[in-house]
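Heads up: the structure comes next, in structure tokens.
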Amino acid sequence: MATAAATSVSEPETEPKAAPKAEGEEDEAKAARTRKKVLSRTVATATYKTMGPGWDQQEEGVSESDGDEYAMASSAESSPGEYEWEYDEEEEKNQLEIERLEEQLSINVYDYNCHVDLIRLLRLEGELAKVRMARQKMSEIFPLTEELWLEWLHDEISMALDGLDREHVYDLFEKAVKDYICPNIWLEYGQYSVGGIGQKGGLEKVRSVFERALSSVGLHMTKGLAIWEAYREFESAIVEAARPIAGFLSPFDREQTFDSQLEKVHSLFRRQLAIPLYDMEATFAEYEEWSEDPIPESVIQNYKKALQQLEKYKPYEEALLEAEAPRLAEYQAYIDFEMKIGDPARIQLIFERALVENCLVPDLWIRYSQYLDRQLKVKDLVLSVHNRAVRNCPWTVALWSRYLLAMERHGVDHQTISVTFEKALSAGFIQATDYVEIWQAYLDYLRRRVDFRQDSSKELEELRSAFTRALEYLKQEVEERFNESGDPSCMIMQNWARIEARLCNNMQKARELWDSIMTRGNAKYANMWLEYYNLERAHGDTQHCRKALHRAVQCTSDYPEHVCEVLLTMERTEGTLEDWDIAVQKTETRLARVNEQRIKAVEKEAALAQQEEEKAEHRKRARAEKKALKKKKKTRGADKRKADEDDEKEWGDDEEEQPSKRRRVENSIPSAGEAQDLEVETGLFGKSAPIDVDPPSKQKERAAVLKRDVPKVPHDSSKDSITVFVSNLPYSMEEPDVKLRPLFEACGEVVEIRPIFSNRGDFRGYCYVEFKEEKSALQALELDRKNVEGRPMFVSPCVDKSKNPDFKVFRYSTALEKHKLFISGLPFSCTKEELEEICKAHGTVRDIRLVTNRAGKPKGLAYVEYENESQASQAVMKMDGMTIKENVIKVAISNPPQRKVPEKPEAKKGPGGPMVPRQIYGARGKGRTQLSLLPRALQRPSTTAAQAENGPAPKPAVSTAATTEAPKMSNADFAKLLLRK
């Protein structure tokens, strides 16, 4: 019974690949029967060795060849089936693909998917020796998954012929159990070791494997049961095989052999019942049935305590069962729970379980290794986890730095640490600063090895040569790849200078290094000069301190006041009168020049702002003159005069825009036969009822009539949560509500679609869509950037900007995304499918976004999202500089620049006070369809005068008409102007 349970639980956590049903089930049942038969026979052999020659081996039908029968059982279970090899075009195609993959791996050995594909093809072709070599190479670089290990192990088991081959399989099992915590591999290991029980030390080997399996995965609440039952079944089978001869043994021999074996089974039951595992009740019932004596009270108490613990763990286990892979959030909650309890074995187990499904999450590895470094501090365990971490996530520099520290902490030899550092350099980091960090970690390690009490030593020379190599590496390798060294502040060179000055007493070398630092563009920063001054102050002399500060006064451009203050302080306390006079003269001259430059900069900024004001005023006067000119040229017919009187100046002195004015967009004026339900936007007070579009001769008259008869619909802000704002639609779209309704009804029931039209009836390119439920509105946001009639449609929440002026809508992340690439320089004709075909050769592509403008035209830019950071980093190395349709593309990790936040009016200062901008626009700038709610007659330029530090600046010339103050008006007066008919 236990063997059957162990066999059923030995299936992987993930869904197994579907095999032919009838044949697969038959093979599995046959393998299970063979495995059980082998178990009974090998146990009989063990019993014979244990009980002595009194046991007749031949009577039970045990042959010498039965020991290896498990290998055939495992082979039958794992056999891929019969392949019909066809030596034709298919074989030639596979060979070409194998050669291509081998060549690609020779270029980049860290291509994970390439390794997997090569192993699959070699196995398909039957190249067993090459398969073994390919697997060996891959296992040296990456930890293998449970599925890859089981496949490899089954292949090796099927080829094992003698004892040497069996030892090779044992070694392979030892490597497999070190990569990840895999209950299925441990179960296979234990069952395979049973097949070698006939060899010397076979029985001890089996028990050793099972005991190690229990230590590793025995606490696994869902899969640990299989290990316990397999081990107990093995020991129980020995008891049952020895029971027939137990009565013929002397009391002493019986106690030494049969009774001791019986106690082993009792011990396994008691140990298992003290651990919270699923299906504990069945195990307890089995123990009651198996045991001839009553169960001790202490065992019952431990069993009840384990049941109580099981109830505490069940919510977390059930959350894992219900969630979908990789279940990172559920594992994080489980880890937090175990950390509070504080059981090291269980904490280690839950970390290992989480890493099986989240092996490419660097933060999880960092947290696990940090726990081991600080709590357990077991050398073999700590170094093993660090090694697995960098093999899983080689692109994460923090893992390599922690690995170097752990190796140093546990006394690993210098040669091994140096080799590990060289591996880190070839890991393919995705940022220039990562290389600076790993170099700094290694240089810190080398510095700690040096005994600075000696004037010269081998370690000191190695440290200096490493500093030199680091600077050359950053300049040549890193700068060539990233177009930057990653160390603009020259931190590595600064540390070298401090070591030379403080620890080696070599100020001359330190000064040379600081001189090199300053020549790399750092001389303008006050903090760099002050760092150098402090170093000279501590380990140099006053003369060099004074010289450094004098140079700093002349070169510093960011905070010269600080440098001047330090120079004056030093001369006040240590300098002579002559030194003081020179310092005062230099600082005053420098600060006067700096103030003059700042005044000029402020005046230039004020002049630019004034020019913008004048240009805006000039444009305003030009528009007014143009309207006045058009008004004079009009013929004053009787009908038009009456329409003009009815449609009287709604916005003060500015006359309403004439219907004859043509919008400079395609198809801007609808024909008389077009849709008749056209709406007019009236600001925040809603929209008017539909109007008919007549020919230009009658358009204004009809608009005036409808304005008098149709009531206004006020804006209902309470419906903003169920409404979305849709924009960037084509102006030529006919009947927008009819065309957009099927698109948005896919998200939920649509209550109303309100397209916005101009006074002439032209569609303004945006509308409001109101849903019945809020979840439908949230789902509609997913339609953002969907192509509608050749243009990307923008869909955003309906938010009143007057109440939420800082509200921004941007769909995509603006932070560093290490699994996403930014590609520039693409040809405009490149399609999404063509780009995907190129990118998928380097990993699993999750999403591709081609960047377009508002009109839907490509900009030659794209974002490509990969499954993980490793694939993205490999794609950067492969694709950067690639030529696509005669265009050389640039590929980098997605790291957009910070989005500029517009300054608030009160924060923008002018020369003498705050400068209030004329107008603050929305998130997308000043739109072409934006209306001003303030009548033009009431608009006037700001009278705030710009003032410089040395007095007021000249005021711009303003016309008398523009500066005339308008009469003060109440809120009621404004409402009358807006609602006037």
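The values are calculated or read from the model by the stated rules, or taken from the named source; none is laboratory data. Bear in mind the structure is a predicted one, so any value in this text is a computation, not a measurement. In this analysis, Cβ positions are derived from the backbone assuming ideal geometry, glycine residues included, and neighbour counts consider all displayed protein chains. Surface accessibility is based on the protein's heavy atoms, side chains included, excluding ligands, DNA and RNA. Shrake-Rupley method; radii C 1.70, N 1.55, O 1.52, S 1.80 Å.
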So Ser216 ticks every box in (1) under 23 Å from Tyr192 (Cα atoms); (2) open to solvent by 20 Å² or more (accessible area, probe 1.4 Å); (3) touching a helix residue (DSSP H, G or I) at 6+ places or on another chain (Cβ under 6 Å) but one. Which box is left unticked? (3)
Would you be able to tell me the number of residues in region 179-202 that are modelled with pLDDT of 90 or more and within 26 Å of Leu161 (Cβ to Cβ)? 11
Helices (runs of 4 or more DSSP H) fully within region 487-561 counting 2 or more residues that are among the charged types (D, E, K, R) and free of Cβ contacts under 8 Å to residues at least 12 places away in the same chain: 507-517
Residue check, Gln375 against (1) assigned by the TED database to the domain that holds Leu405; (2) closer than 28 Å to Trp149 by Cβ; (3) open to solvent by 40 Å² or more (accessible area, probe 1.4 Å), all met but one. Which one? (2)
Please tell me if Ile335 is modelled with pLDDT of 95 or more, in contact with a helix residue (DSSP H, G or I) (Cβ under 7 Å, 6 or more places away or on another chain) and open to solvent by less than 20 Å² (accessible area, probe 1.4 Å). yes
From the set of residues in region 338-356 that are in contact (Cβ under 8 Å) with a residue 40 or more places away in the chain and under 25 Å from the mean Cα position of the chain (by Cα), which is surrounded by the most Cβ atoms within 10 Å (Cβ to Cβ)? Arg353
Considering every residue within region 137-158, establish whether at least one is in the same structural domain as Tyr313 (by the TED database), closer than 30 Å to Thr283 by Cα, of a type in the set (Ser, Thr, Tyr) and part of a loop (DSSP other than H, G, I, E, B). no
Anything in region 90-126 that is hydroxyl-bearing (Ser, Thr, Tyr) and in a helix (DSSP H, G or I)? List them, or say none. Ser106, Tyr112
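Quick grid of which residues meet (1) in contact (Cβ under 8 Å) with a residue 24 or more places away in the chain; (2) buried (at least 22 other Cβ atoms within 10 Å of the Cβ); (3) touching a Phe, Trp or Tyr at 6+ places or on another chain (Cβ under 8 Å); (4) among the acidic types (Asp, Glu):
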| site | (1), (2), (3), (4) |
| --- | --- |
| Glu151 | yes, no, no, yes |
| Asp165 | no, no, no, yes |
| Cys182 | yes, yes, yes, no |
| Trp186 | yes, yes, no, no |
| Leu225 | yes, yes, yes, no |
Inspect region 452-461 for any residue being of a type outside the set (A, V, I, L, M), surrounded by 15 or more Cβ atoms within 10 Å (Cβ to Cβ) and free of Cβ contacts under 8 Å to residues at least 40 places away in the same chain and give the result as yes or no. yes
For region 101-119, give me each residue that is loosely packed, with under 14 Cβ neighbours inside 10 Å and either of a type outside the set (S, T, N, Q) or in the same structural domain as Ala875 (by the TED database) (or both). Glu103, Ile107
Counting just the residues of region 473-486 that are open to solvent by less than 20 Å² (accessible area, probe 1.4 Å) and at pLDDT 90 or above, which one comes out nearest to Ile893 (Cα to Cα)? Val478
All-but-one check, Ile98 against (1) within 20 Å of Ile185 (Cα to Cα); (2) modelled with pLDDT of 90 or more, failing number (1)
Filter region 163-216 down to the residues that are of a type in the set (S, T, N, Q) and under 39 Å from the mean Cα position of the chain (by Cα) and list them by number. Asn184, Ser215, Ser216
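Table: residues versus (1) assigned to a loop (DSSP other than H, G, I, E, B); (2) at pLDDT 95 or above; (3) open to solvent by 10 Å² or more (accessible area, probe 1.4 Å); (4) more than 29 Å from Cys359 (Cα to Cα).
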site: Arg391; (1), (2), (3), (4): no, no, yes, no
site: Tyr403; (1), (2), (3), (4): no, yes, yes, no
site: Met407; (1), (2), (3), (4): no, yes, no, no
site: Phe467; (1), (2), (3), (4): no, yes, no, yes
Set Leu399, Leu320: member being assigned by the TED database to the domain that holds Ile185, in a helix (DSSP H, G or I), open to solvent by less than 40 Å² (accessible area, probe 1.4 Å) and not aromatic (Phe, Trp, Tyr): Leu320
May I ask you to say which residue of Phe173, Phe258 is closer than 27 Å to Tyr368 by Cβ, assigned by the TED database to the domain that holds Lys314 and not aliphatic (A, V, I, L, M)? Phe173
Among (1) touching a helix residue (DSSP H, G or I) at 6+ places or on another chain (Cβ under 9 Å); (2) farther than 29 Å from Ile893 by Cβ; (3) open to solvent by 40 Å² or more (accessible area, probe 1.4 Å), there is one condition Thr519 misses while meeting the rest; what is its number? (1)
Being at pLDDT 85 or above, surrounded by fewer than 19 Cβ atoms within 10 Å (Cβ to Cβ) and within 24 Å of the chain's Cα centre (by Cα) is the filter here; which residues of region 857-886 pass it? Leu861, Tyr863, Glu865
Lys305 fails exactly one of (1) in contact (Cβ under 8 Å) with a residue 24 or more places away in the chain; (2) surrounded by 15 or more Cβ atoms within 10 Å (Cβ to Cβ); (3) assigned to a helix (DSSP H, G or I), namely (2)
Name the single residue that is farthest from Val724 (Cα to Cα) among those in region 760-784 being modelled with pLDDT of 85 or more and of a type in the set (Lys, Arg). Arg764
